[in-house]
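Peer 1: The structure that follows is given in the form of structure tokens.
The values are calculated or read from the model by the stated rules, or taken from the named source; none is laboratory data. This structure is a prediction, so every number in the text was calculated from the model and none was measured. So basically every Cβ, Gly included, is an ideal-geometry build from the backbone, and we count neighbours across all protein chains shown.
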Amino acid sequence: MKNTECNLPESVIKLDIVSGSALWRAQYSLPEAYHEIVANQIKIWLDEDVIVRSASHTRFNHPLLVVKNKDADGKYSMDKPRVVCDL
């Protein structure tokens, strides 16, 4: 997973899910200007097996956000926005 922030092999994300519960939240509105950025990031994640395609109409969804990134001066900028998942 070369494009992720944490590349420690021992790191694990574990989501405790109550059996029978649904974890679904509608996708937030994203400005049209970010659609290509999000599509490119999704393609990278799919190619690197970070995410997998799910069945249609699944009960699980985690919205994507586009957030500001820090520039070389430590100031937040939208020059190179970052796509993240709202868990």
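Peer 1: Is there any pair with a first residue in region 54-65 that is assigned to a loop (DSSP other than H, G, I, E, B) and a second that is of a type in the set (S, T, N, Q) whose Cβ atoms are under 8 Å apart and which are 6 or more apart or on different chains, and what are they?
Peer 2: From residues that are assigned to a loop (DSSP other than H, G, I, E, B), the pairs are Phe60/Ser54; Asn61/Gln27; Pro63/Gln27.
Peer 1: Looking at region 21-34, is at least one residue over 16 Å from the mean Cα position of the chain (by Cα) and at pLDDT below 80?
Peer 2: yes
Peer 1: If you check Lys68 against the conditions, is it farther than 20 Å from Trp24 by Cβ, among the basic types (Lys, Arg) and surrounded by fewer than 10 Cβ atoms within 10 Å (Cβ to Cβ)?
Peer 2: When the stated conditions are applied, Lys68 does not pass them.
Peer 1: Right, something else. Is at least one residue of region 69-86 of a type in the set (Asp, Glu), under 30 Å from Ser19 (Cβ atoms), at pLDDT below 85 and in a loop (DSSP other than H, G, I, E, B)?
Peer 2: yes
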